[in-house]
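Everything on this sheet refers to the single structure shown next.
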Amino acid sequence: MRNNYDLVKRYPWLPSLKTYYSEIASKDPLNFLDEIFTSDKIKDLKIKILNLFNDAMNNVEQMEEYYFDETNIYIYLLLRILLYTLNNKVLSNRIANLYSKTTYNELNKENEYNLYYIYKDLDLDVIYEENQTTFKKIVLKDQQQIYKTNFKISYIDYLKLASNLKDEFRKLVNNALLHGYVYIKPESLNRLLQEHLRMKLLAQNTVDSDQLKKFKDALFNVKEFKDLYDTITEIWELKKDEFEYSLDITYKEGKNLLESFPSCIKEILTKAQEGQNLIHTERLFILWVLNALEYPEEKIIEVFSTLPDFDREKTAYQVKYAIKKGYTPYSCKSLKSYNLCMMDKYKDKLCLEGYFSKKLNEQRQISHPLFYIQYKQFITSVKEKPEKNISTDQDGG
């Protein structure tokens with residue numbers, strides 16, 4: 001029983017928080033704030049909360065401190081209230097990514113007994129077997145990799161947890177399935193829990209402005225909470241420009257390419273900027289595009305640094321490998337097959353209508369995103385020339 005209490009302290013997002021710490025978790029938000037902001041805990045809590053927000057805004061990859069006492073419970077509950085009242089999509093993604101990634105790293109340190117309790121606390125149909133099962137063998141460069149595990153999870157629960165992660169390797173057909181259970185290593189299951197927690201924190205965002213206003217007005221009666229809220233928004237205002245302009249992708253010579261990008265590239269860059277998860281094909285595509293545009297390795301790595309599962313060492317290796325291989329970005333045909341084409345979603349005129357080729361004397365469709373960028377740059381350069389007799393319908397290819 002003592003161990004269960006301790007696990008909930010470390011992972012306050014577990015359902016049993018309401019069982020073991022009902023006197024905290026069951027409180028009305030206003031009563032909760034009124035109590036903690038008049039207690040001797042608040043000074044320390046405010047520092048920890050502000051550090052967390054600062055880390056998220058500065059794109060820190062791991063929380064410097066992770067607490068193993070009731071402090072963690074108060075931080076989690078206060079964090080949820082703040083994310084709801086702030087209602088800031090970009091900031092929420094940053095916080096959710098940092099908090100959930102730190103949690104993932106902590107889960108990977110747990111022993112199998114504790115992990116099994118955590119999985120069962122979440123009401124997951126997980127089975128632990130004393131003897132490990134070999135569920136996959138892969139041969140790479142004449143070396144065999146053998147995957148073993150003691151855990152398996154029902155395919156229904158697996159699909160629920162993996163629903164937001166669209167990578168091919170997570171599809172049920174690409175996993176070891178036997179008698180309705182998916183064999184899975186703990187770190188892979190913990191990655192699914194990371195996404196579960198991330199989405200739980202993002203669910204604090206709302207579109208009901210009237211309800212939000214009433215809630216904020218009530219909570220702002222607690223002056224100390226209003227002061228904390230104002231401090232966070234002030235810090236955000238100072239940092240906001242860095243976020244907004246971080247999407248200004250430029251050549252190393254200084255040319256701004258952002259307006260020349262097709263909607264398929266803008267979509268992925270925007271998702272990355274907000275800290276959303278990218279599927280494998282999106283990551284490969286944007287990596288190959290930026291490499292083709294001769295971006296420095298570090299700038300490419302920084303694009304991925306906001307992702308929930310970012311690992312600097314692994315990303316650096318993958319970027320170096322892609323640069324060495326010189327992979328070409330997906331063509332428009334491939335982008336459509338991977339459901340990455342965004343011309344219909346954003347009504348991209350150039351993608352939808354194509355361009356007029358004077359050389360062939362016909363209207364032609366864009367066939368590759370790199371040509372899209374080249375053509376847009378050409379049109380921009382023509383418009384910037386002072387000669388009035390230059391037509392912008394020249395052949396772009």
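The values are calculated or read from the model by the stated rules, or taken from the named source; none is laboratory data. Since we're looking at a predicted model, the values are computed, not measured. In this analysis, Cβ positions are derived from the backbone assuming ideal geometry, glycine residues included, and neighbour counts consider all displayed protein chains.
Points to keep in mind about this one:
- Residues of segment 117-173 classified as closer than 29 Å to TYR338 by Cβ, of a type in the set (D, E, K, R) and within 26 Å of the chain's Cα centre (by Cα), total: 7
- Subset of segment 142-190 that is of a type in the set (Asp, Glu) and closer than 18 Å to TYR117 by Cα - its residue that is surrounded by the fewest Cβ atoms within 10 Å (Cβ to Cβ): GLU187
- Tally, over segment 104-126, of residues that are of a type in the set (D, E, K, R) and not in a helix (DSSP H, G or I): 4
- Single residue of ILE153, ILE118 found to be within 23 Å of SER16 (Cα to Cα), at pLDDT 95 or above and in contact with a strand residue (DSSP E or B) (Cβ under 6 Å, 6 or more places away or on another chain): ILE153
- Of residues in segment 194-231 being out of contact with any helix residue (DSSP H, G or I) (no Cβ under 8 Å at 6 or more places or on another chain) and part of a loop (DSSP other than H, G, I, E, B), the one modelled with the highest pLDDT: ALA203
- Subset tally (residues that are in contact with a Pro (Cβ under 6 Å, 6 or more places away or on another chain) and part of a loop (DSSP other than H, G, I, E, B)) for segment 275-304: 1
- Some residue of segment 82-103 being of a type in the set (Phe, Trp, Tyr), surrounded by 14 or more Cβ atoms within 10 Å (Cβ to Cβ) and not in a helix (DSSP H, G or I): no
- Flag for LEU165 being of a type in the set (A, V, I, L, M), assigned by TED's automatic domain parsing to the domain that holds TYR84 and at pLDDT below 95: no
Residue by residue, here is whether (1) modelled with pLDDT of 90 or more; (2) exposed (fewer than 14 other Cβ atoms within 10 Å of the Cβ); (3) over 31 Å from the mean Cα position of the chain (by Cα) holds:
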position	(1), (2), (3)
ASN3	no, yes, yes
LYS9	yes, no, no
LEU17	yes, no, no
TYR21	yes, no, no
ALA25	no, no, no
LEU30	yes, no, no
PHE37	yes, no, yes
ASP40	no, yes, yes
LEU45	yes, no, no
